Amino acid sequence: AKLRKSAGVSFPIFSFLAIVTSVLGVGLGCVDFMEDVLLSASIMPEKTDSSLKRKRAQATILTFGPCLICALAFPNAFLPALEFSAIFRQVLFGVIPVLMVWNGRKKRLLAKNKDSMVDHEVGARGEASGFPEGFNKQE
């Protein structure tokens, strides 16, 4: 009973810290990316401390501003957006890899030069059972 009680307290703390560290990692990566975009888009990029701090502030606002506005304007939109993204993830991670394998196998069957393809029974360089040509297995 005591273990169950401690697990009940530690699980929300662990979940909260996992989400916070994930948001911090992704958010800081996006801020750095936006800062690079802003610096590369400048015609005359200044390297003064004040200009770099201004670019960093602009990048932070551009990264977190739209998310904050959407979260405040539509507080119940997270779960529907997550469900909508599931469709994209299914296509990205479920359908596309299958099509890539199917396309690769189709090209292998239709290849004009079959010697250039890897034969799973023989190997990439024509050796049988992983032994190079001329290797005597008995020795």
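Please treat every number below as a calculation from the coordinates, not as lab data. Bear in mind that the values here come from a model prediction, so they are computed numbers and not experimental data. Every residue, glycine as well, gets a Cβ built from its backbone with ideal geometry; the counts of neighbours run over all protein chains shown.
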- Note on the structure: Nearest-0.05 FRET efficiency for LEU72 and LEU17 at R0 = 30 Å, using Cβ-Cβ distance, is 0.80
- Query: Which FRET efficiency, nearest 0.05, do VAL95 and LYS53 yield, Cβ-Cβ r, R0 30 Å?
  - Reply: 0.10
